[in-house]
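One structure is given here, and the rest of the page talks about it.
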Amino acid sequence: MPYKAKPTEKIYYSIGEVAKIFDVNQSLIRYWEKEFDIIKPFRNKKGNRLFTKADMDNFYVIFHLVKERGFTLQGAKDKMNENKSDTIENVEIVTSLNKIKSFLLELKEEL
């Protein structure tokens, strides 16, 4: 039976990697960390922030609310506090719909 390499997923992301993924400045990542209690990065001995997959998911929800939907920071905090699971579910639905849209656009291009 041939060896099948599993795709590796990182355990920790540096602040630079997070900023690059969301295409924002590192200072904005630090600011969101300070403003939102749900983001708790691990810090190594040098004091560098290391973000987990859960932190990345929380960043994505915050990014969606603030940058894509136009919420203020206080509005995003209130939305996350009042019904976090519903907000996460809505973000997942929007993500899946965007994937379907891009797939259909690619299919249209091929036709």
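The figures follow:
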item	result
Matching residues, region 22-39, being in contact with a strand residue (DSSP E or B) (Cβ under 9 Å, 6 or more places away or on another chain), under 12 Å from Asp55 (Cβ atoms) and at pLDDT 90 or above	Ile29, Glu33
So Tyr13, is it touching a residue at least 24 places away in the same chain (Cβ under 8 Å) and in contact with a strand residue (DSSP E or B) (Cβ under 7 Å, 6 or more places away or on another chain)	yes
In region 20-72, the residues that are hydrophobic (A, V, I, L, M, F, W, C), part of a helix (DSSP H, G or I) and out of contact with any Ser or Thr (no Cβ under 9 Å at 6 or more places or on another chain)	Ile21, Phe22, Leu28, Ile29, Trp32, Ala54, Met56, Phe59, Ile62, Phe63
Flag if Met56 is under 11 Å from the mean Cα position of the chain (by Cα) and not polar (S, T, N, Q)	yes
Qualifying positions in region 73-111 - under 17 Å from Arg30 (Cα atoms) and surrounded by fewer than 13 Cβ atoms within 10 Å (Cβ to Cβ)	Gln74
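The values are calculated or read from the model by the stated rules, or taken from the named source; none is laboratory data. No experiment lies behind these values; they were computed from the predicted model shown. Every residue, glycine among them, receives a Cβ derived from its backbone with ideal geometry; neighbour counts consider all protein chains shown.
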